[in-house]
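Notes to accompany the following structure.
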Amino acid sequence: MILVTCVLRGRSLAFKKANNYSLGNQTMRKCKTGSFASRILLLLVSVLAACDKDLPSNVDAKISHDGSRIAVIRHKSSGTEMTVIDVDSPQIHSSRVVVPALTRSANFGNSKDDVLITYGERHKDTPYTMHLAGLSLKDPRHTVTEYASSDVYLAFPEQLDDGSILVMSGLYRTKDGYIPEKIWWLVRPGEQVRIVGDPWLGLGGPPRIVGAGFYEVEPVYRPPDAGPKLHGWALPSGAVPDVSRFLTKDTNDLSCTRNGSFCLRSQFFISSNGEYHGKLTALANGKECPVPGLPPRIDRVNVAANVPVAVVVVADDAYRPRTVNVLQFASNSCQLTRNIRVED
């Protein structure tokens, strides 16, 4: 066990001013860790190194707010590849989108033609830089427009209805080491950046926005009956969403439409012989429907913001190639109407 003692210090995290985004400084928490900083540095290096290997699990998929388009992101040793696929027509159409080689995360903006990305940039004599940027799929050159940059890890951008962007930063670099906290930032045009909610040490995933707030589900595997932890935050002038009624003890993720009328719950358990078994359940109008026709491993689940359509990344086991499926459900119902296998 590693014991960490934290004290408040006057450190600040500065984002650069880019375009109309004026991003200011915020006071962070400084951890006195001794060798802990080097442990965190090694962890960061190992995470980034994992992204540079052609591992089957290095696949993510996002879905546009209207459910008509998905983006498949694959992290390879040669760089990040992104494929955009239209799924709302009888004939599925796909196209490759050129993104920076060190793209770490991507997501659709409020329009299916806009994509938000976070990507890294290595420098010869200066620290590694992360960028929050956007690109238009209508632009054949896919020109990247920078919104903000920082010397800390940035991931999981989500655009809100008012155009502001929620983005996570993970490990904070200071001249004394690294701070292993996860913080959500809200980027608004023409305004200073602000922290949303309290920092926490979870590794977690993307923000799940419902109503005027967002949440994360933190799975707890030991002891087996401990159940997941639910972390919630309110957006400015909003409220923390209450989705606890949808959770079970074996829940490892929950993704919902932004009005909360439809959700997909991902669960898993390990059998006595050590095999992984996943289960996906649709929730709507107080009813639950098991989602059939999926392999046992469910890696990613993302429900569209405005409609009961989702994209999932699945596999037969941890070492097999990932498959991307689009799931379409009946309106105001948990019944699956279509399961489209779009990419292997």
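The values are calculated or read from the model by the stated rules, or taken from the named source; none is laboratory data. Quick caveat, the model's predicted, so the values are computed rather than measured. Because the Cβ atoms are built from the backbone with ideal geometry, glycine has one as well, and the counts that use them run over all protein chains shown. What goes into the accessible areas is simple: the full protein's heavy atoms, side chains included, and nothing from ligands, DNA or RNA. Shrake-Rupley method; radii C 1.70, N 1.55, O 1.52, S 1.80 Å.
Results, tabulated for the structure shown:
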{"quantity": "Residue check for GLY278: free of Cβ contacts under 8 Å to residues at least 40 places away in the same chain and either in a strand (DSSP E or B) or at positive phi (or both)", "calculated": "yes"}
{"quantity": "Cross-chain or 6+ apart pairs with Cβ under 6 Å, the range 80-102 first and farther than 18 Å from HIS65 by Cβ, then of a type in the set (S, T, N, Q) and surrounded by fewer than 17 Cβ atoms within 10 Å (Cβ to Cβ)", "calculated": "THR83/SER94"}
{"quantity": "Tally, over the range 257-282, of residues that are open to solvent by 10 Å² or more (accessible area, probe 1.4 Å) and of a type in the set (A, V, I, L, M, F, W, C)", "calculated": "3"}
{"quantity": "Residues within the range 293-304 that are within 11 Å of LYS62 (Cα to Cα) and in contact (Cβ under 8 Å) with a residue 60 or more places away in the chain, tallied", "calculated": "4"}
{"quantity": "Qualifying residue in the range 148-163 (condition: at pLDDT 90 or above, surrounded by 15 or more Cβ atoms within 10 Å (Cβ to Cβ) and at positive phi)", "calculated": "yes"}
{"quantity": "Qualifying strands (runs of 3 or more DSSP E) (wholly inside the range 57-128; at least 3 residues being within 15 Å of VAL144 (Cβ to Cβ))", "calculated": "79-86, 103-108, 114-121"}
{"quantity": "Boolean, ILE183 is modelled with pLDDT of 75 or more, touching a Ser or Thr at 6+ places or on another chain (Cβ under 9 Å), crowded, with 16+ Cβ neighbours inside 10 Å and not in a loop (DSSP other than H, G, I, E, B)", "calculated": "yes"}
{"quantity": "Verdict on ARG320 being open to solvent by 50 Å² or more (accessible area, probe 1.4 Å), part of a loop (DSSP other than H, G, I, E, B), of a type in the set (D, E, K, R) and over 20 Å from THR248 (Cβ atoms)", "calculated": "yes"}
{"quantity": "In the range 228-251, the residues that are open to solvent by 30 Å² or more (accessible area, probe 1.4 Å) and not in a loop (DSSP other than H, G, I, E, B)", "calculated": "LYS229, LEU230, HIS231, GLY232, ALA234, SER244, ARG245, PHE246"}
{"quantity": "Index of the failed condition, SER331 passing every other in (1) part of a strand (DSSP E or B); (2) loosely packed, with under 15 Cβ neighbours inside 10 Å", "calculated": "(1)"}
{"quantity": "Which listed residue is of a type outside the set (D, E, K, R) and over 26 Å from PRO157 (Cα atoms), from CYS289, CYS263", "calculated": "CYS289"}
{"quantity": "Number of the exception - ILE195 against (1) among the aliphatic types (A, V, I, L, M); (2) modelled with pLDDT of 90 or more; (3) surrounded by fewer than 18 Cβ atoms within 10 Å (Cβ to Cβ)", "calculated": "(2)"}
